[in-house]
Amino acid sequence: MSSSKEPKKVLIVGAGPTGLTSALELARRGIVPKLIDAKECIAPTSRATGLSVKSLELLEASGVTPRLVATGIKVNNAKIMQEKGKGITLDFNELAHKYNFLLCLPQNHTEIIMQKRFEELGGNVAYDTRLVSLTQKKDGTVEAVMEKNGKRLTETFNAVIGADGVNSTVRDRMGIKFKEKIYPGKWSAAEFDSKDWPHKQDEIQYFIGKDGNFAVVMPLGGNRYRAVANTDDAMSCIFGKHNIDKLHFNAAFDVSVRHVKTYRKGNIFLAGDAAHTYAPAGVQGGMNLGIRDACSLARRIAEDDTKTYTRERKADGAATIRDSNLAVRVAGYSNVFMKAARNMTVGTAMRIKTLRQKVIKKSLGAR
Ligand SMILES: Cc1cc2nc3c(=O)[nH]c(=O)nc-3n(C[C@H](O)[C@H](O)[C@H](O)COP(=O)(O)OP(=O)(O)OC[C@H]3O[C@@H](n4cnc5c(N)ncnc54)[C@H](O)[C@@H]3O)c2cc1C
């Protein structure tokens with residue numbers, strides 16, 4: 001990394017939540033990076049819907065958190081319902097923390113808030129601009145070739161952040177492999193409108209079916225809801241009387257797990273989905289892990305402290321993926337006895353205060 005007194009020139013590839021967080025964290029420290037994205041504008045899709053307590057804490061310094069909290073839905077309870085058997089309610093307010101709720105906000109709204117704040121800090125997102133190639137120079141700088149409207153532009157940077165998602169060009173140009181492991185069995189996600197959804201707005205609901213399969217339903221604001229299930233048809237897992245006014249989609253997907261061996265080569269770094277992908281697991285999911293990568297990397301670049309970046313982020317990534325894999329395996333038990341044991345254990349554990357509080361802490365992504 002450059003040790004001159006010149007402000008560092010940093011290129012961030014990808015303006016998703018990871019790239020935007022990196023940009024905010026550098027800009028608030030006086031390094032306004034160049035932030036490019038191949039797409040035309042923020043994608044309208046909701047994707048991640050839950051911000052963890054840790055993300056809210058980390059985004060305070062850039063001034064983003066109060067805006068997220070003012071815009072999102074504060075979910076205070078999780079209602080766990082069994083088609084056969086008693087249900088229970090988890091009260092998130094039991095967590096002794098100022099963010100003692102699950103903040104539900106579609107990812108595109110989070111990105112709009114982050115981008116606006118980045119602009120206030122003097123930055124802007126260069127859309128329609130694609131990274132083509134990267135070359136590490138002997139002096140430690142990195143030459144980037146970008147393309148906009150068919151025109152090529154070459155620029156030299158002190159550091160490059162690859163926040164360009166699962167099909168990362170940066171990762172590819174670094175020559176880093178991304179091996180995939182696919183879990184057996186499909187999962188699914190659906191989005192629907194229901195004017196008279198028969199459950200509370202400040203609540204998420206878990207539907208545990210007679211067959212042991214489950215769906216979780218989260219509010220997205222207005223009449224819109226998101227369901228995720230451990231089967232190939234999320235809507236069929238929602239039991240009880242309810243009306244659906246419009247089904248936007250109900251799609252099955254594979255749960256695949258990938259994690260890079262190194263997050264760094266010279267002054268080129270990876271963060272977010274470019275470095276890891278796994279089950280879209282609420283507050284433990286990829287957006288929240290990407291925000292943690294971004295905050296660490298931006299501080300390290302600003303303070304010339306990048307040597308242990310891989311070690312720190314790989315450990316957090318591996319632990320988060322381990323937790324997510326465990327949740328996927330337990331949720332996906334196909335054996336009826338294992339399913340019954342899981343459902344009974346959930347019911348009993350939730351009645352024990354210390355266990356319940358541990359679950360609440362995990363559910364909200366508090367650390
Ligand atoms: C249905 C669904 C539900 C999900 N639910 C959750 C959840 O509940 N919780 C959670 O935490 N996560 C969830 N996720 C995952 C979450 O959406 C991702 O982890 C998150 O978007 C990763 O952010 P990112 O910034 O690292 O990458 P991305 O959001 O993928 O952004 C990468 C950006 O890089 C740009 N780009 C790519 N290549 C180039 C190039 N060559 N040049 C310039 N730009 C480029 C792309 O256009 C893109 O905008 C969900 C995902 C899906 C699909």
Next item on the list: Divide, for the range 158-232, the radius of gyration over alpha carbons by 2.2 N^0.38 Å, where N is the residue count.
Entry: 1.66
Check: What ranking do 171, 322 get, fewest neighbouring Cβ atoms within 10 angstrom at the top?
Finding: 322, 171
Item checked: Least to most buried among 258, 173, 329 (fewest other Cβ within 10 Å first) -> 329, 258, 173
Margin query: As a footprinting exposure proxy, order 206, 225, 263 by other Cβ within 10 Å, with the fewest listed first.
Written below: 206, 225, 263
Note to self: I want to verify a result. In a Gaussian network model of the chain, Cα cutoff 10 Å, which of these has the top mean-square fluctuation: 253, 101, 269?
What the structure shows: 253
Next item on the list: Order the peptides 15-23, 207-215, 285-293 from the highest to the lowest mean number of other Cβ atoms within 10 Å of their residues.
Entry: 15-23, 285-293, 207-215
Check: Considering only Cα-Cα distances, which of the following residue pairs are longer than 31 Å: 151/179; 79/195; 34/137?
Finding: 151/179
Check: Projected area of the chain, taken from the Cα convex hull and averaged over every viewing direction, in nm²?
Finding: 18.4
Note to self: Sorting check: for 26-32, 85-91, which peptide has the highest mean count of neighbouring beta carbons within 10 Å, and how do the rest follow?
What the structure shows: 26-32, 85-91
Item checked: Extension gain (nm, one decimal) between residue 132 and residue 120, 0.36 nm per residue minus Cα-Cα -> 1.5 nm
Check: Treating the beta-carbon of each Lys and Arg as +1 and of each Asp and Glu as -1, no other charges, what is the dipole magnitude of the chain about its Cα centre, to the nearest 20 debye?
Finding: 1020
Notebook entry, point to check: residue 186 label point, 7 Å along Cα→Cβ, cut-off 13 Å on backbone N: hits in the range 213-244?
Noted result: 229-236
Notebook entry, point to check: Using only Cα atoms, what is the ratio of the radius of gyration of the range 20-130 to 2.2 N^0.38 Å?
Noted result: 1.31
Item checked: Neighbourhood net charge (9 Å Cβ-Cβ; Lys/Arg +1, Asp/Glu -1) for residue 131 -> 0
Note to self: I'd like the distance separating the alpha-carbon centroids of the range 46-72 and the range 200-244, in whole Å.
What the structure shows: 24
Margin query: Going by Cα centres, the range 173-190 and the range 131-164 are how many Å apart?
Written below: 27
Notebook entry, point to check: Among 223, 124, 149, whose mean-square fluctuation peaks in a Gaussian network model of the chain (Cα, cutoff 10 Å)?
Noted result: 149
Check: What fraction of the DSSP beta bridges in the chain is antiparallel, stated in percent and rounded to the nearest 5?
Finding: 75
Next item on the list: Take residue 356, project a point 7 Å from its Cα along the Cβ direction, then tell me which residues of the range 69-106 have their backbone nitrogen under 14 Å from it.
Entry: 77-80, 87-96
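Values in this text are rule-based calculations from the coordinates and carry no lab data. No experiment lies behind these values; they were computed from the predicted model shown. Quick reminder, even Gly has a Cβ in these numbers, built from the backbone with ideal geometry, and neighbours come from all protein chains shown.
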